[in-house]
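In what follows, a structure is listed as structure tokens, so that the remarks can point back to it.
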Amino acid sequence: MSRLSNCVRPLFALTVVAACALTAAAQGPQKSDPQTQDEAAIRENVRKMEEGWNTKNATLFAEPYAEDGDGVAIGGFVGKGRELIEKVHWGMFKGDFKDSTIALKVRQLRFLRPDVALVQIDNTNTFRQGSQVKHEYKSVITLVMTKEAGRWKIASFQNTIAEPPSWRRQQ
């Protein structure tokens, strides 16, 4: 009995160690590495843009932009500088886009260098009339983000229509 016991104990211990190692490997690297922190900061900027749009707060929407950041909207409007981007969005939120909401989903986040990231985002812009959906469109937003003084900012923004607006599809 003691011989069997002497064989089983090491096998049991080896099994426990192997199970722990496999569990750790399946969980992947810990979430504290610098690139993961950078990804989280970039995603937080995308979240701020979405929240700013959906609450009609142009200051919050423009906050992730670099001071000299630029943007190209779907209609071809080119804006240069966070201040202008904020000002234009205040007007949009009082005008044609006052009843719209956006849903942003990061499609791809790729570091070109440790301080430069390319971010592609799927966007659905939904326009409502009261509680009814009036129409929507889908677009792909491409951001070039740079890390300056430890903070990620949007250097460039491009919004490209990906699917014709629903009012055009219905014609």
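Computed values, structure above
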read-out: Some residue of region 114-124 being at pLDDT 95 or above and farther than 29 Å from T36 by Cα; value: no
read-out: Criterion violated by R110 - all others in (1) in a strand (DSSP E or B); (2) closer than 19 Å to V46 by Cα; (3) over 13 Å from the mean Cα position of the chain (by Cα); (4) not aromatic (F, W, Y) satisfied; value: (3)
read-out: The lone exception for S131 - which of (1) of a type in the set (S, T, Y); (2) free of Cβ contacts under 8 Å to residues at least 40 places away in the same chain; (3) within 23 Å of A155 (Cα to Cα) it fails; value: (3)
read-out: Whichever residue in region 99-119 is touching a Lys or Arg at 6+ places or on another chain (Cβ under 7 Å) and exposed (fewer than 15 other Cβ atoms within 10 Å of the Cβ) and, among such residues, is nearest to E51 (Cα to Cα); value: D99
read-out: Residues of region 84-98 classified as of a type in the set (A, V, I, L, M) and under 16 Å from E50 (Cβ atoms), total; value: 2
read-out: Residue count for region 52-84, restricted to those that are of a type in the set (A, V, I, L, M) and free of Cβ contacts under 8 Å to residues at least 24 places away in the same chain; value: 3
read-out: Residue within region 2-21 that is among the β-branched types (V, I, T), surrounded by 11 or more Cβ atoms within 10 Å (Cβ to Cβ) and either closer than 20 Å to K147 by Cα or modelled with pLDDT under 95 (or both) present; value: no
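The values are calculated or read from the model by the stated rules, or taken from the named source; none is laboratory data. Keep in mind that what you see is a predicted model, and the values were worked out from it rather than measured. Every residue, glycine among them, receives a Cβ derived from its backbone with ideal geometry; neighbour counts consider all protein chains shown.
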